[in-house]
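K.L.:
Sharing a structure, written as structure tokens. Questions coming.
The values are calculated or read from the model by the stated rules, or taken from the named source; none is laboratory data. Nothing here was measured: the structure is a model prediction, and the numbers come from that model. When we count neighbours, we look across all protein chains shown, and the Cβ atoms used for this are built from the backbone with ideal geometry, even at glycine. Surface accessibility is based on the protein's heavy atoms, side chains included, excluding ligands, DNA and RNA. Shrake-Rupley method; radii C 1.70, N 1.55, O 1.52, S 1.80 Å.
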Amino acid sequence: MTRLTRRCVVFGLAGTAIGLSAAKAGAQPVNGISADFIERFGSGILEVPPKVVRRVNAASLPANHRVLESYRAAINAMRLLPQSDARNWTRIAQVHDEHCAHRNWYTWPWHRAFLTSFERVCRQMSDDDEFRLPYWDWSANRQIPATFSQQNHNGAPNPLFHPRGAQPTDALPDTVVGPSVMSSIIGEPDFEAFMSARPSGQDSTDPKWQRVGSTQGPLESNPHNTIHPWIGGDMATFVSPLDPIFWLHHANLDRIWDRWNRIGNANTSSALWRDFRFNQFVNPGRFSPIGTPWQPRVSDLLDIEALGYFYIRRPSLIDMALIANARILPKIDWRRVLRTTSEVSGERSATTREALAIPLRGLAPIAQLTEQVLRPMAAAEGGDQKQPVTSPTVTLAGRVTAIVEAEPPANAPPPQVRVFLNCDYLSPETPAVDPHYVGSFSFFMAGHGGHSSSDESVRVALDLTRTLLALQDAGRLPKDQLVLQLQPVAIGRGQEAAPIKVRGVEIETAVS
Ligand SMILES: [Cu+2]
């Protein structure tokens with residue numbers, strides 16, 4: 001199939017059609033455009049700013065919708081490119097393998113750049129200027145989008161199909177993507193708690209910090225880390241972008257960051273974050289069929305319309321309603337945080353059959369927490385006046401966060417770890433709506449050995465404040481000792497979860 005591009009070219013060449021056949025690898029430009037011209041202007045710096053087109057929900061697309069057809073055409077074309085071409089399907093997955101930021105505050109900007117670069121390649125390869133990645137809203141649609149599970153499409157192999165562990169009828173549980181998970185993510189007032197944290201000790205924008213693990217926030221540690229192994233197959237590995245669903249999973253994570261910004265949460269002003277540069281991406285450009293480097297700083301990635309897409313243009317009223325009753329946590333003044341550590345004697349294991357109970361020693365007595373942390377305050381006292389969204393009028397005086405450091409099993413699929421406080425009837429079946437429930441996490445990109453000493457484990461921040469409130473409401477707040485419980489549950493179907501190792505728990509108590 002040969003198609004002529006419909007694009008018109010600027011720089012005084014308007015109206016000249018360039019016969020770059022996107023479907024043919026390494027095709028030579030024609031129509032009088034010299035190789036010289038391509039070499040000079042193919043660096044990406046002169047790329048015409050993209051049109052701004054909406055990234056749409058995959059659930060709203062019939063199987064033969066143009067967005068999906070362009071995606072199929074792009075995948076087929078990228079798989080045919082030689083390995084020497086930076087736009088080759090496997091080469092792009094290797095970029096993730098070798099460079100992806102995970103477990104720190106670069107996770108979401110790095111993936112935003114990765115998706116943007118990929119989306120541009122897709123536009124070029126499908127010859128569809130309107131193409132934007134669809135997203136998979138896994139909270140609303142718990143199964144993998146049906147078109148991605150069909151082996152054939154219109155009598156030919158469907159390039160969106162990929163071998164996976166999850167079956168087409170499997171549905172993600174509430175502990176991963178349910179309403180309470182999503183409202184606590186979108187209602188998180190603190191930047192590093194939402195984004196995942198700055199690597200401890202980071203003092204420069206040296207590229208080495210890109211992959212230094214730090215404390216993960218709930219968006220990364222739970223839906224992100226759990227859905228990867230839940231889908232299984234290549235999605236459970238470093239080369240997860242080999243599965244076409246990867247890009248829809250990450251478009252949804254990118255969308256949640258955008259929603260969090262649009263309801264009034266600002267990104268950090270830290271230069272260590274904003275000035276950090278990513279050096280791994282290609283910009284296919286208009287005139288270069290081979291891909292040229294695109295090296296954005298984080299600050300180049302914060303205006304998504306400048307990158308050519310949007311999800312929603314207004315603050316989401318639905319999100320604002322969602323957090324109206326959920327944004328109860330104050331913004332933290334980090335200078336006033338008390339840290340205590342609850343050592344785990346040696347390294348201890350948690351298994352499906354035997355949850356691990358960790359007494360939170362050194363924490364203030366319950367009566368004092370009730371008085372100093374769970375005390376409601378008017379937003380004028382505890383809230384941030386500069387935030388445009390202040391619909392809730394009450395926040396708490398403080399918050400308590402547990403940071404769990406845990407290591408996944410070495411040679412077995414990682415389990416989901418469900419976390420509870422003082423639940424004396426805890427079992428693998430205890431649901432997320434239980435008042436003792438704290439949150440869940442899993443282990444994507446940890447435990448495979450590799451890039452730094454912290455690579456074997458994850459550090460996960462879990463907010464205890466809401467659970468303390470729920471226990472108070474239910475009359476179940478313990479009188480003396482708080483005990484954190486870790487309950488591993490197999491992610492795959494019908495498996496027993498392999499044991500995880502727990503290294504320790506830190507508690508941060510912030511009081512205004
Ligand atoms: Cu990912």
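K.L.:
Is the stretch 136-151 home to any residue that is more than 25 Å from the chain's Cα centre (by Cα) and at pLDDT 90 or above?
P.N.:
Looking through the stretch 136-151, at least one residue is more than 25 Å from the chain's Cα centre (by Cα) and at pLDDT 90 or above.
K.L.:
Can you report the number of residues in the stretch 217-247 which are more than 10 Å from the ligand (Cβ to nearest atom), part of a helix (DSSP H, G or I) and among the aliphatic types (A, V, I, L, M)?
P.N.:
5
K.L.:
Buried (at least 20 other Cβ atoms within 10 Å of the Cβ) and among the charged types (D, E, K, R): which single residue out of 198, 142 fits that description?
P.N.:
Going through 198, 142 in turn, just one is buried (at least 20 other Cβ atoms within 10 Å of the Cβ) and among the charged types (D, E, K, R): 198.
K.L.:
Could you say whether any residue in the stretch 205-213 is surrounded by fewer than 20 Cβ atoms within 10 Å (Cβ to Cβ), at pLDDT 95 or above and β-branched (Val, Ile, Thr)?
P.N.:
Yes; the residues of the stretch 205-213 include at least one that is surrounded by fewer than 20 Cβ atoms within 10 Å (Cβ to Cβ), at pLDDT 95 or above and β-branched (Val, Ile, Thr).
K.L.:
Find the residue count for the stretch 255-268, including only residues that are under 11 Å from the mean Cα position of the chain (by Cα) and either open to solvent by less than 10 Å² (accessible area, probe 1.4 Å) or within 11 Å of the ligand (Cβ to nearest atom) (or both).
P.N.:
Number of matching residues: 2.
K.L.:
Looking only at the stretch 169-187, count every residue that is within 17 Å of residue 416 (Cβ to Cβ) and either open to solvent by less than 10 Å² (accessible area, probe 1.4 Å) or in a helix (DSSP H, G or I) (or both) and tell me the total.
P.N.:
Residues that pass the stated criteria total 11.
K.L.:
For the condition part of a helix (DSSP H, G or I), small (Gly, Ala, Ser), touching a residue at least 24 places away in the same chain (Cβ under 8 Å) and crowded, with 20+ Cβ neighbours inside 10 Å, what is the one hit in 306, 251?
P.N.:
Being part of a helix (DSSP H, G or I), small (Gly, Ala, Ser), touching a residue at least 24 places away in the same chain (Cβ under 8 Å) and crowded, with 20+ Cβ neighbours inside 10 Å holds for just one of 306, 251, which is 251.
K.L.:
Moving on to the next point. For residues that are open to solvent by less than 10 Å² (accessible area, probe 1.4 Å) and among the polar types (S, T, N, Q), scanning just the stretch 223-245, find the one that is nearest to the chain's Cα centre (by Cα).
P.N.:
The qualifying residue nearest to the chain's Cα centre (by Cα) is 225.
K.L.:
Restricting the first residue to the stretch 350-367 and requiring it to be closer than 16 Å to residue 468 by Cα, which pairs with a second residue that is part of a helix (DSSP H, G or I) meet a Cβ separation below 8 Å and a spacing of at least six or different chains?
P.N.:
Here the result reads 363/369; 364/372, each pair linking the stretch 350-367 to a residue that is part of a helix (DSSP H, G or I).
K.L.:
May I ask you to list the residues in the stretch 78-114 that are more than 16 Å from the ligand (Cβ to nearest atom), part of a helix (DSSP H, G or I) and in contact (Cβ under 8 Å) with a residue 60 or more places away in the chain?
P.N.:
Hits for the stretch 78-114 are 79, 89, 90.
K.L.:
Taking the options 440, 452, name whichever one is modelled with pLDDT under 90 and within 23 Å of the chain's Cα centre (by Cα).
P.N.:
452
K.L.:
Going by the conditions given, is residue 70 within 16 Å of the ligand (Cβ to nearest atom), more than 17 Å from residue 235 (Cα to Cα) and outside any loop (DSSP other than H, G, I, E, B)?
P.N.:
Here the answer is no, as residue 70 does not meet what is asked.
One line per residue, one yes/no per condition, for (1) among the polar types (S, T, N, Q); (2) modelled with pLDDT of 80 or more; (3) assigned to a loop (DSSP other than H, G, I, E, B); (4) surrounded by 17 or more Cβ atoms within 10 Å (Cβ to Cβ):
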site	(1), (2), (3), (4)
318	no, no, no, no
327	no, no, yes, yes
332	no, no, yes, yes
341	yes, no, no, no
353	no, yes, yes, no
363	no, yes, yes, yes
381	no, no, no, no
386	no, no, yes, no
390	yes, no, yes, no
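K.L.:
Quick check on the stretch 188-205. Is at least one of its residues basic (Lys, Arg) and part of a loop (DSSP other than H, G, I, E, B)?
P.N.:
yes
K.L.:
Right, here's the next one. For the stretch 468-487, enumerate the residues that are aliphatic (A, V, I, L, M) and within 19 Å of residue 396 (Cα to Cα).
P.N.:
468, 469, 470, 471, 474, 477
K.L.:
Oh, and also: Return the only residue of 177, 212, 181 being among the β-branched types (Val, Ile, Thr) and within 15 Å of the ligand (Cβ to nearest atom).
P.N.:
Criteria check complete, one pass: 177.
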